[in-house]
Amino acid sequence: MLKEVIATRFIAPLREGGSLPGLVEADDLGTYVLKFTGAGQGRKTLVAEVVCGELARRLGLRVPRLVTVELDPVLGLGEPEQEVQRLLKSSGGTNLGMDFLSGALGFDPLAFEVSPEEAGRIVWFDALVNNVDRSWRNPNLLRWRGELWLIDHGATMIWHHNWPGAEASAARPYDAFDHALKTCAPDVASAAAELAPQVTGELLAEVTAEIPDAWLAGEPGFDTPDALRSAYARPLLARAATVHQHIHGLEGDQ
Ligand SMILES: Nc1ncnc2c1ncn2[C@@H]1O[C@H](COP(=O)(O)OP(=O)(O)O)[C@@H](O)[C@H]1O
Ligand SMILES: [Mg+2]
């Protein structure tokens, strides 16, 4: 289970991306990037963060630690900005937190060399979860203590927005044309050989068990949170073996 903390102070909104996460301090004295359950895309974004973040971590990629953050909407009362106040007020209960990597820099492919092996693992992983948010415009990669860290997996697994069409949607190819690591000569074939066999039903069960019930309950068509957990696992299991053959847009692509 993800560690549970309680937010004690709202520090500031983080304005770089699209979704306006917040920086909070918690009762364990940690500082976390908070993704609000009351934000535009709501709890599905948080589910995607947990599934992809915890899967990536188990495949050996670097992802800051994830926690759940209990939020009392009263923390929003003193916020001068209306948008922030609204988010805090609508996000009472369980939110997602991520260890704040203090001093991290945004990734710049010209300033930081990434090996073809590491780039291959990241591109392969992004193809598996169909991450559309790792472009050179918006890499969602941080450089921290000399290494590359993956953040922001909210825009992945598009199939979870339409479960009846999930199987067909999950069979689609991955377009890597704009991928942030395209120029690093990603060795996707080696990554696939190394990582695909690790994506087993057992591993995915372990990963989806980390999703808090509160973000799964009440999904139309699913009687229990565990039924929905299995629905998250299925397309990933189906994609893992062959997704590397369906990545388009890399150099040398036919
Ligand atoms: N764990 C983290 N440590 C340090 N900075 C972070 C972390 N997570 C996010 N950020 C910063 O906040 C920005 C927005 O966060 P992100 O998760 O990308 O949300 P979104 O793009 O949906 O707004 C990032 O581009 C990055 O600059
Ligand atoms: Mg982002």
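Miscellaneous remarks
- Taking first residues from segment 215-228 that are part of a helix (DSSP H, G or I) and partners that are not basic (Lys, Arg), the Cβ contacts under 7 Å between residues at least 6 apart in sequence or on separate chains come to Trp215/Leu46; Trp215/Val47; Pro225/Asp213; Pro225/Leu216; Pro225/Ala217; Leu228/Leu216; Leu228/Glu219; Leu228/Phe222.
- Restricting attention to segment 143-168, the residues that are open to solvent by 40 Å² or more (accessible area, probe 1.4 Å) and either within 15 Å of ligand 1 (Cβ to nearest atom) or of a type in the set (Gly, Ala, Ser) (or both) add up to 7.
- When segment 18-55 is limited to residues that are within 15 Å of ligand 2 (Cβ to nearest atom) and among the small types (Gly, Ala, Ser), the one that is surrounded by the most Cβ atoms within 10 Å (Cβ to Cβ) turns out to be Gly22.
- Qualifying residue in segment 69-76 (condition: β-branched (Val, Ile, Thr) and open to solvent by less than 70 Å² (accessible area, probe 1.4 Å)): yes
- Filter pass, Ala127 being of a type in the set (Gly, Ala, Ser) and either more than 16 Å from ligand 1 (Cβ to nearest atom) or buried (at least 24 other Cβ atoms within 10 Å of the Cβ) (or both): yes
- Of all residues in segment 130-142 being within 13 Å of ligand 1 (Cβ to nearest atom) and among the polar types (S, T, N, Q), the one that is surrounded by the most Cβ atoms within 10 Å (Cβ to Cβ): Asn131
- Residue in segment 169-184 that is out of contact with any helix residue (DSSP H, G or I) (no Cβ under 8 Å at 6 or more places or on another chain), open to solvent by less than 70 Å² (accessible area, probe 1.4 Å) and within 16 Å of ligand 1 (Cβ to nearest atom) present: yes
- Where helices (runs of 4 or more DSSP H) sit wholly within segment 73-191, those with at least 2 residues that are farther than 23 Å from Ile11 by Cβ occupy 116-129, 166-170.
- Failed item, numbered, when Leu101 is tested on (1) within 29 Å of Ala127 (Cβ to Cβ); (2) within 13 Å of ligand 1 (Cβ to nearest atom); (3) crowded, with 20+ Cβ neighbours inside 10 Å; (4) not β-branched (Val, Ile, Thr): (3)
The values are calculated or read from the model by the stated rules, or taken from the named source; none is laboratory data. Everything quoted here is computed from the prediction, not taken from an experiment. As a convention, Cβ positions derive from the backbone with ideal geometry for all residues, glycine included, and neighbour counts pool all protein chains shown. Side chains included, ligands, DNA and RNA excluded: accessible areas come from the protein's heavy atoms. Shrake-Rupley method; radii C 1.70, N 1.55, O 1.52, S 1.80 Å.
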